[in-house]
Amino acid sequence: MGKATGFLEYGRKENYDVDPCERINNYSEFHYELSEKERRRQGARCMNCGVPFCQSGMVFGGAMTGCPLHNLIPEWNDEIYNGNDSHALARLLKTNPFPEFTGRVCPALCEKACVMASFGDAVTVKDNELFVIENAFRKGLISPKVPSVRTDKQVAVVGSGPSGLTVAELLNKRGHNVTVYERDDLAGGLLTYGIPNMKLDKNIVARRIALMSAEGVTFVTGKEVGKDISVKEITDKYDAVVLCCGSRKPRSLDADGQDCAGITYAVDFLTLSEKVRHGKTDSASAELSEGKKVIVAGGGDTGNDCVATCLRQGAAEITQLEIMPAPPLQRREDNPWPEWPKVLKTDYGQEEYIALRGRDPRIFQTTIGKIYSENGRIKSVEIVKVGFKDGKLVKEEGSEKILEADLLIVAAGFVGCEDSVKDNFGISLSKGKIVCENYRTDNPKIFAAGDAVTGQSLVVKAIAEGKACAKAVDEYLMGYSNME
Ligand SMILES: Cc1cc2nc3c(=O)[nH]c(=O)nc-3n(C[C@H](O)[C@H](O)[C@H](O)COP(=O)(O)OP(=O)(O)OC[C@H]3O[C@@H](n4cnc5c(N)ncnc54)[C@H](O)[C@@H]3O)c2cc1C
Ligand code: SF4
């Protein structure tokens, strides 16, 4: 423990946010780091509890709580306070290969489980994690480490999201020869095309890809396995193939009249927005939101990213529809600490909309019943209140209302892997997820990890999947594994 009285002396202090009305003028990240002195004090607030639930990564009350990577949080908080930066880094990298991603986008399952959160303000674990890694980059503590010994094993990783990157990083460090295939023009999966730049600057992803390349990982971008390269070609060429292709099939709306222009899925919209930002696609022909009345169908995190992106593009009006009722403001009695708190969250995009327009863009317990079009293009939507009867969704008759709409973004979640996964790879899927036993599919040479196996989840969980899968692949290739 850094300082016995740390939590008594110092209050919780998070990184500063840029004012919502200011930050919507650009796509830059909007959190400013605390000063080094202030940050080290935040490390001192950690009491190194006897039962550090923060690093448990366990399921309580049906949801995960604590860090799925079992990050050694009390250890590096202590090193932060004592100024031992290289020790802090070593302990962090022991469990988390990419803290610069989780330190930015993780919902911080650790903080909800922090013992301090049971009676007050949690330790700023996520911000502390970000400090350790970014401070290390700033101070030159991170440089390419090429494995001194190479095996003769060749591994192909299909998909370069956080799970694929983790598999590649760890198997390369182990000495295997790894090639990552990515169909997009840039590596990173949803870290690059999906999560908006204001949450995760794309230069941060590029920095990691460059480091991995310097350490010996080969990236082949713009090539889809199963289309541009046959599955037979890669299974013949490589000793093992790891499928990290994500859970990319979007859930569609159950509404009449979808056969018109002006309707798009969230990831397509966010990907297009990012490509237009970099001049990769002609903005004149792209379906963006400038000047439009936008409906975002889906009140979750992805929907929120769409709200924030539309605000930056200059949408005229945004309404976000959420089918579920609004959660309570405080934990209910049947949802005690250290369970994940099922309370109302107002995310950064919603916060920006409230600051700018004076109203929450969300309407709860509401869905779209019909879509009306004119000359082949969306004109309005009929929204309807919903309730639940015997666990089933029922539309409330008479509650229908018409909202004008120039663009409808469907952010209603994902139902699993794209159909091409089963068709091209010939492996078994169940409810859209790849069926595996210890990360091995029913083709003995093909492994799988990440959202493709679990369903759409979180970056931290994709990294945890990638770690466990890399170990399984190493065991298969070598007959044993000393990877953790
Ligand atoms: C809009 C959005 C915002 C999100 N925000 C957050 C957040 O803030 N925090 C958080 O923790 N989680 C967030 N998530 C969830 C998180 O991004 C995912 O859980 C995570 O990226 C899954 O990682 P993955 O490696 O399994 O798959 P993905 O990141 O989906 O990567 C799969 C990759 O495989 C490639 N691919 C697929 N098939 C092939 C093929 N045949 N050949 C070559 N390449 C192929 C795809 O192009 C893609 O690049 C968000 C998700 C979305 C959609
Ligand atoms: S990865 Fe997420 S859950 Fe784990 S310590 Fe970091 S912020 Fe917390």
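A few points about this structure:
- Taking every residue in region 446-466 that is in contact (Cβ under 8 Å) with a residue 40 or more places away in the chain and pairing it with any residue that is part of a helix (DSSP H, G or I) and among the aromatic types (Phe, Trp, Tyr), at least 6 positions away or on another chain, the pairs with Cβ-Cβ distances below 6 Å are VAL459/PHE101.
- Unique match (being of a type in the set (S, T, N, Q) and more than 16 Å from ligand 1 (Cβ to nearest atom)) among ASN96, ASN128, ASN71: ASN128
- Of all residues in region 231-239, none are closer than 25 Å to GLY314 by Cβ, touching a Gly at 6+ places or on another chain (Cβ under 8 Å), within 16 Å of ligand 1 (Cβ to nearest atom) and not in a loop (DSSP other than H, G, I, E, B).
- Residue match in region 41-61 (condition: under 19 Å from VAL460 (Cβ atoms), among the β-branched types (Val, Ile, Thr) and in contact (Cβ under 8 Å) with a residue 60 or more places away in the chain): no
- Taken as a whole, the condition of being in contact with a strand residue (DSSP E or B) (Cβ under 8 Å, 6 or more places away or on another chain) and within 22 Å of GLY387 (Cα to Cα) applies to ILE323.
- Helices (runs of 4 or more DSSP H) wholly inside region 1-115 that include at least 2 residues being at pLDDT 95 or above: 20-23, 36-44, 73-82, 85-95, 99-105, 109-113
The rows are residues; the columns are (1) more than 16 Å from ligand 2 (Cβ to nearest atom); (2) modelled with pLDDT under 95; (3) not hydrophobic (A, V, I, L, M, F, W, C).
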{"position": "GLY416", "(1), (2), (3)": "yes, no, yes"}
{"position": "SER420", "(1), (2), (3)": "yes, yes, yes"}
{"position": "ASP423", "(1), (2), (3)": "yes, yes, yes"}
{"position": "GLU437", "(1), (2), (3)": "yes, no, yes"}
{"position": "ALA449", "(1), (2), (3)": "yes, no, no"}
{"position": "ALA464", "(1), (2), (3)": "no, no, no"}
{"position": "LYS471", "(1), (2), (3)": "yes, no, yes"}
{"position": "ASP474", "(1), (2), (3)": "yes, no, yes"}
{"position": "MET478", "(1), (2), (3)": "yes, no, no"}
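- Of the strands (runs of 3 or more DSSP E) lying entirely inside region 125-227, those carrying at least 1 residues that are crowded, with 24+ Cβ neighbours inside 10 Å are 154-158, 177-182.
- Screening region 416-484 for helices (runs of 4 or more DSSP H) wholly inside it with 3 or more residues that are hydroxyl-bearing (Ser, Thr, Tyr), under 18 Å from ILE234 (Cα atoms) and not assigned by TED's automatic domain parsing to the domain that holds LYS237 returns no ranges.
- All strands (runs of 3 or more DSSP E) inside region 264-378 with 1 or more residues being hydroxyl-bearing (Ser, Thr, Tyr) and without any contact (Cβ under 8 Å) to a residue 60 or more places away in the chain: 366-374
- Considering ARG174, ARG183, the condition of being basic (Lys, Arg), away from ligand 1 (no atom under 14 Å from the Cβ), modelled with pLDDT of 95 or more and not assigned by TED's automatic domain parsing to the domain that holds CYS106 is satisfied by ARG174 alone.
- Among the criteria (1) surrounded by 14 or more Cβ atoms within 10 Å (Cβ to Cβ); (2) under 29 Å from SER28 (Cβ atoms), the one LEU344 does not fulfil is (1).
- Test: GLY83 is surrounded by fewer than 21 Cβ atoms within 10 Å (Cβ to Cβ) and more than 16 Å from ligand 2 (Cβ to nearest atom): yes
- Note on region 411-421: residues that are within 12 Å of ligand 1 (Cβ to nearest atom) and either over 16 Å from the mean Cα position of the chain (by Cα) or under 12 Å from ILE378 (Cβ atoms) (or both) total 5.
- Selection status of LEU403, in a helix (DSSP H, G or I), among the hydrophobic types (A, V, I, L, M, F, W, C) and either free of Cβ contacts under 8 Å to residues at least 60 places away in the same chain or surrounded by fewer than 23 Cβ atoms within 10 Å (Cβ to Cβ) (or both): no
- Scanning region 91-143 for residues that are over 15 Å from CYS54 (Cα atoms) and in contact with a His (Cβ under 9 Å, 6 or more places away or on another chain) gives ARG104, LEU130.
- Among the residues of region 454-465, those that are more than 8 Å from ligand 1 (Cβ to nearest atom) and crowded, with 24+ Cβ neighbours inside 10 Å comprise ILE463, ALA464.
- Subset of region 131-170 (residues that are within 16 Å of ligand 1 (Cβ to nearest atom) and either in contact with a strand residue (DSSP E or B) (Cβ under 6 Å, 6 or more places away or on another chain) or at pLDDT below 95 (or both)): VAL155, ALA156, VAL157, VAL158, SER160, GLY164, VAL167, ALA168
- The set of residues in region 472-484 being out of contact with any Leu (no Cβ under 7 Å at 6 or more places or on another chain), surrounded by fewer than 20 Cβ atoms within 10 Å (Cβ to Cβ) and not acidic (Asp, Glu) consists of TYR476, LEU477, MET478, GLY479, TYR480, SER481, ASN482.
- Residue within region 94-108 that is surrounded by 20 or more Cβ atoms within 10 Å (Cβ to Cβ), within 24 Å of GLU465 (Cα to Cα), of a type in the set (D, E, K, R) and in contact with a Phe, Trp or Tyr (Cβ under 6 Å, 6 or more places away or on another chain) present: no
The values are calculated or read from the model by the stated rules, or taken from the named source; none is laboratory data. No experiment lies behind these values; they were computed from the predicted model shown. Every residue, glycine as well, gets a Cβ built from its backbone with ideal geometry; the counts of neighbours run over all protein chains shown.
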